[in-house]
2 protein chains.
Amino acid sequence: MGRWEPNARGRLELAALALYGERGFDDTTVAEIAARAGLTERTFFRYFADKREVLFGGAGALQELLVSAVANAPDSLSPIEAVAAALESAGALLQERREFALQRQAVISANAELQERELIKLASLASALADTLRRRGVSDPAASLTAEAGIAVFKIAFERWVGETDQGDLPEIIRASFDELKAVTVGT
Amino acid sequence: MGRWEPNARGRLELAALALYGERGFDDTTVAEIAARAGLTERTFFRYFADKREVLFGGAGALQELLVSAVANAPDSLSPIEAVAAALESAGALLQERREFALQRQAVISANAELQERELIKLASLASALADTLRRRGVSDPAASLTAEAGIAVFKIAFERWVGETDQGDLPEIIRASFDELKAVTVGT
DNA sequence: ACGGGCGATGTCAGTTGCTGTCATCACCGT
DNA sequence: ACGGTGATGACAGCAACTGACATCGCCCGT
């Protein structure tokens, strides 16, 4: 194709994940990542806003998936059911890339700055879900609460799935966690 | 008293909040904060791990308050009721410092890095609450779900309270949001 | 009262994340 | 062939953060 090797972005993502895994996030310099990808530090920052963002390239696609799943859910579903169904299908997708998901999560779990970035991505997901619910006619604060509760369930289900040695079914864990949330909120 | 002016930490917090408010987080250097507090940059980093942390000095106290409130809640309260009561009392405390809370929140809302830090503090709160629930005999995933749902409710209630011109009652908003969550999770 | 330990602060040098600016180098259409 | 263009490199510079060492009074024991 071009003058340069193709897929510079993908090479950077791959190199970063490998190096973060081998030597840790803090002990990896951006220059090292770039060198491993056959590029320079300056080019790294043309593709990614900062050193952390390189691990979150898939966040945008995941958000679009969730939003369109909720937007296209049948009207017969209640808001929380629509959100649950969307998260289950996202879970199914994640499950197909379990190896990658585990490696990535190990890196993130080892570093607080990366956890911060992950949390704000999840918050962005919740915000997008709430917007979509509002477009479905759900009013506030129900829309925000449903979205935030859904993301909380997803977080916890994902953690459990990652922690399991015998690989369980993620969508199933998500569904069970929603049921558990329902039981828990009843209170008395 | 001492060789130095007392309360260096407090002076740094005050100077930082003022400068972040006046010129924005990005356009404020740590050296400027330190100078305003009559100290040096190096001393700033002895008190705070990084430039953001200076805004989160109260997080530790808040966490202790919540944990002890849940730990000391009467056994007659269900997990979610214990969490709700704890968050309401935290809300009452926040309400006493409304001016400060609003100013601080305006600064945080204007900057993504600060939002990240706030999110990880909230996640830490949720984690501490979940631990406390487990010590009360609640098992997982109910403990984690209750804690995360509680924090989600708190976030949304706080946002509403901040957005109001006619200052409503925060504990009341929190209680109402818990009720709304219950309604929303019922689903169908 | 005096000397030394000690805690809080200052000074300095260095690394790294990140940015602005300009140069370079093929490819592409005309 | 020629100039435009998009991706990359080279370089300089700022600010966040860290480690090492110096300084300065206060306090405690003798």
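Seen against the Cα atoms of chain A and their longest principal axis, helix A:98-109 is set at about 80 degrees. Per residue of A:141-151, other chain Cβ atoms within 10 Å of the residue Cβ number 6 on average. Here's the picture: charge each Lys and Arg Cβ at +1 and each Asp and Glu Cβ at -1 in the protein assembly as shown, and of B:162, A:102, A:45 the one pushed furthest to the positive end of that dipole is A:45.
Considering helices alone, the calculated mean residue ellipticity of chain A at 222 nm is -23500 deg cm²/dmol, with DSSP H runs of length four and up weighted by -39500 (n - 2.57) and normalised per residue. Helix B:142-163 sits at what angle to the longest principal axis of chain B, using alpha carbons and giving 0 to 90 degrees rounded to 10? The two axes meet at around 60 degrees.
Where the centroid of each part is defined by its Cα atoms, how far is region B:1-74 from region B:113-188 in Å? Centre-to-centre (Cα) distance: 25 Å. Once you've got the GNM for chain B with C-alpha springs shorter than 10 Å, pick whichever of B:40, B:165, B:28 has the biggest mean-square fluctuation. Checking each option, the largest mean-square fluctuation is seen for B:165. Between this copy and the others, label points of residue A:43 are 4.7 nm apart in ascending order, each placed 7 angstrom from Cα in the Cβ direction.
Under a Gaussian network description of chain B, with springs only between Cα atoms under 10 Å, the residue in B:117, B:104, B:42 that fluctuates furthest is B:42.
Counting beta carbons within 10 Å around each of A:13, B:53 and listing the fewest first gives the order B:53, A:13.
Both numbers refer to the Cα atoms of region B:20-142; Rg and Dmax are 17.5, 53 Å. Here is the list for region A:82-173: GluC sites (Glu not before Pro) lying in DSSP coil, each with at most 13 other C-beta atoms within 10 angstrom of its C-beta, are A:164. When only the Cβ of Lys, Arg, Asp and Glu is charged (+1, +1, -1, -1), the dipole of the protein assembly as shown relative to its Cα centre reaches about 840 debye.
Seen against the Cα atoms of chain A and their longest principal axis, helix A:112-135 is set at about 40 degrees. Any of A:121/A:155; A:155/B:182; A:121/B:182; A:182/B:121; A:121/B:121; A:51/B:155 with alpha carbons more than 23 Å apart? Name them for me. The pairs that break the limit, which is 23 Å between Cα atoms, are A:121/B:182; A:182/B:121; A:51/B:155. Inter-copy label distances at residue B:61, using a point 7 Å along Cα-to-Cβ, come to 4.7 nm with the shortest given first.
Shape class for the protein assembly as shown, computed from the alpha carbon gyration tensor (a ≥ b ≥ c): oblate, with a/c not under 1.5 and a/b at or below b/c.
For residue A:32, the point set 7 Å out from Cα toward Cβ sits 3.4 nm from its twins in the other copies, listed from shortest up. Using R0 = 25 Å, the C-beta based FRET efficiency linking residue A:128 and residue A:159 works out to 0.70.
Just so you know, all these numbers are worked out from the coordinates, no wet-lab data involved. Note that the structure is a prediction, hence the values are computed from the model and not measured. Here the Cβ is made from the backbone with ideal geometry for all residues, glycine too, and neighbour counts use every protein chain on show.
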